[in-house]
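Structure, as structure tokens:
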Amino acid sequence: MNGAEVVAAPAGPPVPLDWKFSQVFGERTAGEEVQEVDIISAIEFDKSGDHLATGDRGGRVVLFERTDTKDHGESRRDSERMDYSLGRHPEFRYKTEFQSHEPEFDYLKSLEIEEKINKIRWCQIANGALFLLSTNDKTIKFWKVQEKKVKKIAEMNVDPSKSMGNGSTASSSNSISARPSLENGGFPDSDRSFNYLSSDFSFPPGGIPSLRLPVVVSSHETSLVARCRRVYAHAHDYHINSISNNSDGETFISADDLRINLWNLEISNQSFNIVDVKPANMEDLTEVITSAEFHPTHCNTLAYSSSKGSIRLIDLRQSALCDSHAKLFEEQEAPGSRSFFTEIIASISDIKFGKDGRYILSRDYMTLKLWDINMDSGPVATYQVHEYLRPKLCDLYENDSIFDKFECCLSGDGLRVATGSYSNLFRVFGCAPGSTEATTLEASKNPMRRQVPTPSRPSRSLGNSITRVVRRGAENPGVDANGNSFDFTTKLLHLAWHPSENSIACAAANSLYMYYA
């Protein structure tokens, strides 16, 4: 009975989160110029949330580890269930970094391949070692990061103070080497005690002072060693935009503009092409693949998005080459709304599955859309990220900003979604039924500085068949809370949500900001 009463009680939407600044790594001082190679281009939490990886345009991967749970051991899981009223929040520290990719040159195509890290994906931890995949435009690498005990070579294994004679070890060595010797290391019979070939040889009292053998000593110090275990190369003619691990722990996919390949982690010299959208005549090309991701629990299912704003769900059990999709998700265009920019802003830049695999979050230029994989008639919710930019699309097209690829992420509990915008702003929306949460935060030490106390506009209905949510949140036409015009050069493209807590890591140029609620 008690259980039935709990279910029957109407649960209201979750209270909007109060976001607070937690940490910043690589903070810029006022007026400091950002080096191109230092700009962060990828962020990823591992499944436990205890490790965070970032990649940059210089081909480096930097790892951070969580420090606030190290002392809690077994009570970690229990403490996560408790309400965080004590003010404890995730804290990370720098762990290590390594050079993942170097700039290359493709001599056959006369193309420079930049070292920029496009994506990082964590693999399963084994034997205390961390494993991750990183990719640039053409080459994927599988890295193992492990703590190893530092081994030192001891200088000598004899005490020089107890050496024979007055000379040092070196001089004794010289005196021995200066003796007349025969072939194979023997000495003349006149000096029998040093004839190593003689059967009646005996060591002089106190031993030979010049005998030096290297001794390897394991110290208590440890150092982190990153080693490239495998390189998956020469499988993509176009730039790789996505990699995604399979839930089976053995395989992963890599996607470029026209193809998706399936790899086994253990085999680097072959992959299977599972999706190929390249037409026989390239003039017939109408759309390209923009992002791809495996289902979090079903190892046979994956989704990929296209530049036309559609998402295709494919089942690897259907056929070897999955050119036909199991499901197609796309929103019907409203009549009379077509313009020159319609197709450009419809292009999906990123898709993410929810933790349970029921929902897919997609980001196009203007909006976030939430899709239910059991309902392919349209998105269940649409969130306007920066509607105030619609009148400025012409300017954004001219300065190429309209082609910026923003990432998106979902909270571990599936109640909220987040994505970035310009002026180093990012938006957090509540997606629980009845939620009107729409928060604008700035990637700075004072994230609420740009909050605008404008009430969110009411939801409205789209289409006749099903009511869908459209939420704009607190919008601001053209200027921020301080009256400054929006800055299209400072864009927040990359962010990640902690898998089990309300904590977000986001990249503003070369700085990594972390927030908690």
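The values are calculated or read from the model by the stated rules, or taken from the named source; none is laboratory data. Worth saying up front: this structure is predicted, and the values here are computed from it rather than measured. Neighbour counts are summed over all protein chains in view; Cβ atoms, including those assigned to glycine, are modelled from backbone coordinates with ideal geometry. SASA here: full protein model, heavy atoms, side chains in, ligands and nucleic acids out. Shrake-Rupley method; radii C 1.70, N 1.55, O 1.52, S 1.80 Å.
Got a number for carbon plus sulfur as a percent of region 325-428's accessible area, 1.4 Å probe?
Working: 2080 of 4070 Å².
That share works out to 51 percent.
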### Task
May I ask you to derive the relative contact order of region 283-364, considering only C-alpha pairs under 8 Å and at least 6 residues apart, and to give it as an integer percent?
29
### Message
If amide hydrogens are placed 1.01 Å from N in the peptide plane, which non-local residues have theirs closer than 5 Å to the one on residue 290?
### Response
305, 306, 307
### Query
Under a point spin-label approximation (7 Å from Cα along Cα-to-Cβ), what is the residue 388-residue 96 distance to one decimal in nm?
4.5
### Query
Residue by residue through region 410-423, which ³J(HN,Hα) values in whole Hz follow from phi under the Karplus form 6.51 cos²θ - 1.76 cosθ + 1.60 (θ = phi - 60°), with glycine and proline marked x?
10, 6, x, 8, x, 8, 9, 10, 8, 7, x, 8, 8, 6
### Task
With θ set to phi - 60°, apply the Karplus curve 6.51 cos²θ - 1.76 cosθ + 1.60 along region 298-312 and write out the HN-Hα couplings as whole Hz, x wherever there is a Gly or Pro.
8, 6, 9, 10, 9, 10, 9, 10, 10, 6, 9, x, 9, 10, 10
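How much length would be gained if the chain were fully extended between residue 269 and residue 395, taking 0.36 nm per residue of separation minus their Cα-Cα distance, in nm to one decimal? List each step's numbers first, then the result.
Values: separation 126, 0.36 × 126 = 45.36 nm, distance 4.55 nm.
Residue separation times 0.36 nm, minus the Cα-Cα distance, leaves 40.8 nm.
Order 119-125, 21-27, 33-39 from most to least packed using the mean count of other Cβ atoms within 10 Å. Walk me through the numbers before you get to the answer.
Details: 119-125: 18.6, 21-27: 17.0, 33-39: 12.7.
Sorting 119-125, 21-27, 33-39 by mean packing, highest first, produces 119-125, 21-27, 33-39.
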### Query
By average Cβ neighbour count within 10 Å, what is the ranking of 417-426, 387-396, 107-116 from highest down?
417-426, 387-396, 107-116
### Task
Name the long-range amide H neighbours of residue 119: under 5 Å, sequence gap of 5 or more, or other chain; modelled H, no Pro or chain starts.
135
#### Entry: Inter-probe distance in nm under a simple model that places probes 7 Å from Cα toward Cβ, at residue 448 and residue 286
5.0
### Query
How far is it, in nm, from the label point at residue 321 to the one at residue 217 when both lie 7 Å from their Cα along the line to the Cβ?
6.5
### Message
List residues of region 352-380, by number, whose backbone nitrogen lies under 19 Å from a label position 7 Å along Cα→C-beta of residue 341.
### Response
363-369
### Task
Specify the inter-centroid distance of region 36-59 and region 251-269, based on alpha-carbon positions, in whole Å.
21
### Task
Tabulate in residue order the Karplus-calculated ³J(HN,Hα) for region 89-106, using 6.51 cos²θ - 1.76 cosθ + 1.60 with θ = phi - 60°, rounded to whole Hz; enter x for Gly and Pro.
8, x, 10, 10, 9, 4, 9, 6, 8, 8, 7, 7, 10, 10, x, 10, 9, 8
### Message
Whole angstrom only: what separates the Cα centroid of region 285-309 from the Cα centroid of region 377-450?
### Response
21
